[in-house]
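Novice: Dumping the structure here so I can ask a few things about it.
Derivation of every value follows stated rules applied to the coordinates shown; laboratory data play no part. Just so you know, these numbers come straight off a predicted model, no measurement behind them. Backbone-built Cβ (ideal geometry, glycine too); neighbour counts: all protein chains shown.
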């Protein structure tokens, strides 16, 4: 266990042995710092979240994030962030994760001038889709899929992170949308209470693939603060008719690029019941016959999403040859070869941007008094997965 701590003296050990290296990032759910033990070189990512920023209806999501990640870690699932341990003091929650040295997909896009090669899109989204399908197979919706929530390890493979919005469909109540606004699907933009389904995540995956493969986010020209205007645009959005991408469809467009746009069109279906990942997938490529390859993502065994990864984009190169290694065993053993990454040392954090905290962001100023289970003010009973 990190720092060799027991539940009873975790904060005392942390105060004595933890060194803060730098701020890695910040977001709506808290801030993340790069830390290490005083006499060791291995870094960790420490996520800190102030308890007073967590609404009562989101307490379950915060606990479920740690529960889901621990379940995936125990199973040895390769495409999820790894939790070392979690703790809390009087005011804050702390989750200590393995430091994923490659940064995140959003930062990678920035370094690549906002567009990835087709091979890179195929590699990253193969692992992203397998990771998302695994979360769905546990009975959870992610609800905030976006490039910034896809980490890249030092080995080049992805880790899905920031699961603080996960929720079970059967437990749903009518919340306001919690997805990042430019990844919100049409069904969550109406002026009525929203109910989430697995289709929410597949809409976001379609947008992410389009953004990474074309360099253009379809809603990037709209001010994200103009919520009503943006939501109205999303409700009426039709990818096939979007003139931003019409120049990419021509006789010289490579086959795998056309297949990417074909897949995106299926995922950006306005009706959630007809969206790819939810609807049956009919493969018409085998001797002209229609073959239904659907496997429902709510199934307990749906660790390998055959109905999505059997789409021609994932199966065929531009010259028509088969993509090698596109099978369950190879993918889950991290057998696909990732784009190369180079680091100077284990403490190299160059894949993360320089970040400054605003006045409303959660700042780490040392560990406070321990949360007392006997005192209501500490809210310790609300977060049982965060040891005290």
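Novice: With a ≥ b ≥ c taken as the square roots of the eigenvalues of the C-alpha gyration tensor of segment 113-265, please select rounded if a/c is under 1.5 and otherwise prolate if a/b is larger than b/c or oblate if it is not?
Specialist: Values: a/c = 1.95, a/b = 1.18, b/c = 1.64.
Oblate is the answer for segment 113-265, as a/c is 1.5 or above yet b/c matches or exceeds a/b.
Novice: Given the C-alpha centroids of segment 206-239 and segment 61-103, what is the distance between them in whole angstrom?
Specialist: 31
Novice: Also, quick follow-up: Can you tell me the FRET efficiency between residue 112 and residue 270 if r is taken as the Cβ-Cβ distance and R0 is 30 Å, rounded to the nearest 0.05?
Specialist: 0.50
Novice: What is the helix-to-structure angle for 255-267, meaning the angle in degrees between its Cα long axis and the longest Cα principal axis of the chain, kept from 0 to 90 and rounded to the nearest 10?
Specialist: The helix 255-267 is inclined about 70 degrees to the chain.
Novice: For a quick protection proxy, order the peptides 262-274, 326-338, 239-251 by their average other-Cβ count within 10 Å, most packed first. Mind showing how you got there, number by number?
Specialist: Details: 262-274: 18.0, 326-338: 14.0, 239-251: 11.1.
Going from most to least packed, we get 262-274, 326-338, 239-251.
Novice: Calculate how steeply helix 59-74 sits against the longest principal axis of the alpha-carbon atoms of the chain, using the helix alpha-carbon long axis, and give the answer as 0 to 90 degrees to the nearest 10.
Specialist: Roughly 80 degrees between the two axes.
Novice: How far is helix 118-137 tilted, in degrees, relative to the longest principal axis of the Cα atoms in the chain, given as a value from 0 to 90 rounded to the nearest 10?
Specialist: The angle comes out near 60 degrees.
Novice: Could you grab the relative contact order for the chain? Cα pairs under 8 Å, six or more apart, rounded to a whole percent.
Specialist: Details: 660 pairs, mean separation 87.4, N = 388.
Relative CO of the chain lands at 23 percent.
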